[in-house]
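What follows draws every value from the coordinates through simple rules; no lab data is involved. From a predicted model like this one, the values you see are computed outputs, not experimental measurements. All Cβ positions, even for glycine, are placed from backbone atoms using ideal geometry, and neighbour counts span all protein chains on display.
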Amino acid sequence: HSQLRGYLVIFICLLLLVIVFALAVSRYVSRYINLLIKRMTRLSQSDYSQTLPVYGITELDNLSTAFTTMSSQIKKLLNEKYANEVLLKESELKALQAQINPHFLFNTLDMIRYLADHGETRKISAAMTALAEFYRRSLNGGRPDSTVGGELEHIRAYMEIQNLRFDGCVTLHIDVPDDLRSAPLPAVTLQPLVENAILHGVLGRADKCGEI
C-alpha cells in the first residue's frame, strides 16, 4: 500500500507536469497562430512586407518560411504586373500617336500645297510654325508624360492648323487655372479629344462651325 501510494503520487506529479507542458505548448502555438492570422489579415489588405519570426520548432519554422516566401513572391508578382501594365499603356499611347500623326500630317501638307498653289505665303508660314510646334509637343522628347500646360499648347498648335484648313470656323475656349498648368498629364491626352470634337461635332453641323 505504501508503494502504491508512492507510485500514485509520482504518477499524479508526472500527469500534472504533462498537463502544464501541454498547456504551455498549446499557448505557445496559439500565440503563433494568432500572429499568423494578424499577418495574413495585413497581407489581405495589400501589405506585402509581412514576415514571421523563427521559433525553433521545425513545423512552425517551415510555416514561417513558407509565409514569408509567399508574401515576397506576391509583392514581386504585383510589381511585375504593374510594370507590364505601364509598358502596355505606353505602347498603346505610342500606337495612338502613330495613328494620329501621319493622318494629320498628310492633311496638313495637302493644305500647305493648296496654299502654295494660291500664293498664300503668310498662311504657309503660320501653318509651318504651328506644325513644327505640334510635332515638338507630340514627340515630347520621347517622354510619355507631359503637363497640363504643355498639352494646352499642343492643342493651340493643332487648332491653329485646323482653323487654317476650315477658314477659322472653330472657336476654342480654354479656362484652366494657372496653378494646374504644371500638373502632370500623359502626353497627347487632350488633342484626340479636340480632334474628335471637330470631326464628330463641329463638322457634323450644317454650317460646319462651332465652339470647343
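For the Cα atoms of the chain, what angle does the longest principal axis make with the long axis of helix 148-165, in degrees from 0 to 90, nearest 10?
For helix 148-165, the angle is close to 30 degrees.
What's the tally of Lys pairs in the chain whose alpha-carbon atoms lie under 24 angstrom apart, where the two lysines are 8 or more places apart or on different chains?
Here the count comes out as 7.
For labels at Asp117 and Ala83 in the simple 7 Å Cα→Cβ model, what's the distance in nm?
Taking the two extended label points, one gets 5.4 nm.
I'm spelling it out carefully: the read-out is Cα Rg over 2.2 N^0.38 Å, the candidates are (i) 2.13; (ii) 1.52; (iii) 1.40, and one was derived from this structure. Which label?
Only one listed value fits the structure, namely (i).
With angles folded into 0 to 90 degrees, how steeply does helix 58-117 sit against the dominant principal axis of the chain? Use alpha carbons for both and round to 10.
Its long axis makes an angle of about 0 degrees.
Run the quick spin-label model on Asp61 and Leu8: label points 7 Å from Cα toward the beta carbon, then report their separation in nm to one decimal.
My value for the distance between the label points is 4.5 nm.
When the chain is modelled as a GNM with alpha-carbon springs shorter than 10 Å, which of Ala126, Ala83, Ala24 fluctuates the most?
Maximum fluctuation in the GNM of the chain, among the listed residues, is at Ala24.
So what's the back-of-envelope 222 nm ellipticity for the chain, counting only DSSP H runs of four-plus at -39500 (n - 2.57) apiece and dividing by all residues, rounded to 500?
That comes out to -25000 deg cm²/dmol.
Could you give the size of the charge dipole of the chain about its Cα centre, using +1 on the Cβ of each K and R and -1 on the Cβ of each D and E, expressed in debye and rounded to the nearest 20?
Its charge dipole is roughly 1260 debye.
Looking at the chain, which Cys residues are left with no other cysteine's beta carbon under 4.7 Å from theirs?
Cys13
Taking the mean number of other Cβ atoms within 10 Å as a proxy for protection, how do you rank 7-16, 128-137 from highest to lowest?
Descending packing order for the listed peptides: 128-137, 7-16.
Work from the charge dipole of the chain (Cβ charges, +1 for Lys and Arg, -1 for Asp and Glu, about the Cα centre) and give the residue of Ile124, Ser91, Leu15 farthest towards its positive end.
Leu15
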